[in-house]
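To start, the structure under review is shown below, and the notes come after it.
The values are calculated or read from the model by the stated rules, or taken from the named source; none is laboratory data. Predicted model, so just to flag it, every value in this text is computed and none were measured. Cβ sites come from the backbone with ideal geometry, for glycine too, and all protein chains shown count toward neighbours.
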Amino acid sequence: MEHPENEDKFAGLAVNKGIAQPPAVNPYFHRKKQRQLYSAGEYVEGILKGDISILSQAVTLVESQVPEHQEIAQEVIEKCLPYSGNSLRIGITGVPGAGKSTSIDVFGLHVLKRGGKLAVLAIDPSSERSKGSILGDKTRMEKLSLNPKAFIRPSPAAGSLGGVARKTRETIVLCEAAGYNNIFVETVGVGQSETAVHSMVDFFLLIQLAGTGDELQGIKRGIMEMADGIIINKADGDNLDRAKLAQTEFRNALHLFPLPPSGWSPEVLTYSGYYELGIAEVWEMIDRYFDFVKKSGYFYEKRREQEEYWMYETINDHLKSNFYNNPEIEQLLDVKQKMVLNSQQSSFTAAHEVLLRYFELMQGKSPK
């Protein structure tokens with residue numbers, strides 16, 4: 001644009017040309033191309049070859065809510081089933097700050113030294129609120145994340161704990177088909193998530209700390225009863241005596257519980273994840289457990305019970321999803337909710353009428 005103030009009659013006043021403005025969009029930015037969607041057969045072929053990229057994409061399909069993705073994912077899972085079931089599945093839990101990620105890092109390296117491959121799956125029911133903060137766990141597994149024989153995969157939120165757990169269970173099938181003969185399933189919070197993890201693993205390991213006051217405070221009896229082994233972390237330096245004391249307290253507490261269905265008496269050990277002390281002893285305990293339950297036949301019995309459990313869990317999950325995603329039911333729920341809140345109808349009558357309407361809608365509908 002020309003500037004009239006630069007004319008002679010405006011001597012003494014000059015406006016120089018401005019500097020050319022940079023483009024609004026970074027010239028070095030390149031839009032990421034959308035990944036190619038393979039056929040179910042191609043996914044299965046890549047998984048069986050141990051291709052981590054294909055495995056990761058298949059897990060993403062499992063976690064996806066898109067119907068098209070779910071259709072392919074279920075076909076992939078079905079075709080991978082004959083190649084699954086050949087791993088040792090270990091659930092790992094503990095109170096926040098117990099050092100689970102550091103422990104998994106050193107445990108994982110110890111397992112890999114014995115041969116084979118390891119997959120670490122994290123299940124986090126709170127990720128719905130924190131938007132995937134569990135991803136931080138992978139950064140704390142510094143050594144393990146660099147090992148080519150390790151596959152670390154956090155689970156995103158799936159609307160409910162049941163949804164996250166089911167997808168983790170399906171991911172186990174894919175990892176086993178890819179040749180991972182050791183599976184760690186880590187749970188972040190102490191609570192309902194433990195029950196979900198316990199229903200998909202062979203051995204349930206509880207990590208506990210010493211020197212935090214009442215050692216048994218905050219540990220629910222249900223979690224103690226589920227544990228096949230309890231390990232006291234940070235048993236080093238000045239904390240060693242406190243760890244030994246905590247070990248005695250946990251052993252005494254376990255004597256108050258009935259013997260678990262496996263017939264195995266849970267052991268309590270001390271170790272240090274940071275200084276890598278007592279790691280071999282922890283794994284010797286786990287080896288003893290597997291020898292014990294395989295000889296007794298409980299290992300295979302538990303696997304069969306878990307398969308039955310997840311069949312019913314999947315049915316419940318699909319029924320719930322179908323109910324709440326029905327447009328007419330969504331509208332009716334909104335109406336009934338207002339009536340209940342305004343004391344125009346009891347909650348039981350409202351629920352009964354909504355369910356009756358749902359059953360009417362389902363009658364005559366052919367299954368897809």
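Points to keep in mind about this one:
- Close Cβ contacts (under 7 Å, 6 or more residues apart or on different chains) running from residues in the range 34-53 that are touching a residue at least 40 places away in the same chain (Cβ under 8 Å) to residues that are hydroxyl-bearing (Ser, Thr, Tyr) comprise 48/83.
- Failed criterion for residue 298 (all others in (1) farther than 30 Å from residue 110 by Cα; (2) surrounded by 11 or more Cβ atoms within 10 Å (Cβ to Cβ) hold): (1)
- For the range 131-146, the count of residues that are at pLDDT 90 or above, out of contact with any helix residue (DSSP H, G or I) (no Cβ under 6 Å at 6 or more places or on another chain) and not assigned by TED's automatic domain parsing to the domain that holds residue 42 is at least one.
- Every residue from the range 44-78 that is touching a Pro at 6+ places or on another chain (Cβ under 9 Å) and crowded, with 17+ Cβ neighbours inside 10 Å: 63
- When residues of the range 240-254 are limited to those that are of a type in the set (A, V, I, L, M) and under 21 Å from residue 92 (Cβ atoms), the one modelled with the highest pLDDT: 243
- Residue selection: residue 89 satisfies the criterion of being among the charged types (D, E, K, R) and at pLDDT 95 or above.
- For residue 214, the conditions (1) out of contact with any Ser or Thr (no Cβ under 9 Å at 6 or more places or on another chain); (2) modelled with pLDDT of 90 or more all hold with the exception of (2).
- A count restricted to the range 48-71 and to residues that are within 20 Å of residue 122 (Cβ to Cβ) and β-branched (Val, Ile, Thr) stands at 4.
- Test: residue in the range 307-321 that is loosely packed, with under 14 Cβ neighbours inside 10 Å and part of a loop (DSSP other than H, G, I, E, B): no
- Test for residue 257: is it at pLDDT below 95, in the same structural domain as residue 223 (by TED's automatic domain parsing) and either surrounded by 16 or more Cβ atoms within 10 Å (Cβ to Cβ) or acidic (Asp, Glu) (or both): no
- Residue within the range 181-191 that is surrounded by fewer than 18 Cβ atoms within 10 Å (Cβ to Cβ), modelled with pLDDT under 95, touching a strand residue (DSSP E or B) at 6+ places or on another chain (Cβ under 9 Å) and more than 20 Å from residue 152 (Cα to Cα) present: yes
- Scanning the range 271-301 for residues that are closer than 23 Å to residue 112 by Cα and out of contact with any helix residue (DSSP H, G or I) (no Cβ under 9 Å at 6 or more places or on another chain) yields 277, 278, 281, 284, 285, 286, 287, 288, 289, 291.
- Criterion applied to 229, 273, 237 was being modelled with pLDDT of 95 or more and within 21 Å of residue 99 (Cα to Cα), and the one residue passing it is 229.
- If you go through the range 147-170 and pick out every residue that is at pLDDT 95 or above and either of a type in the set (Phe, Trp, Tyr) or over 16 Å from residue 108 (Cβ atoms) (or both), you end up with 1.
- Any chance residue 268 is in contact with a helix residue (DSSP H, G or I) (Cβ under 6 Å, 6 or more places away or on another chain) and not in a helix (DSSP H, G or I): yes
- Screening the candidates 104, 77 for the property of being part of a helix (DSSP H, G or I), at pLDDT 95 or above and under 19 Å from the mean Cα position of the chain (by Cα) yields one hit, 77.
- Residues of the range 80-92 satisfying the condition of being outside any strand (DSSP E or B) and surrounded by 15 or more Cβ atoms within 10 Å (Cβ to Cβ): 80, 83, 84, 87
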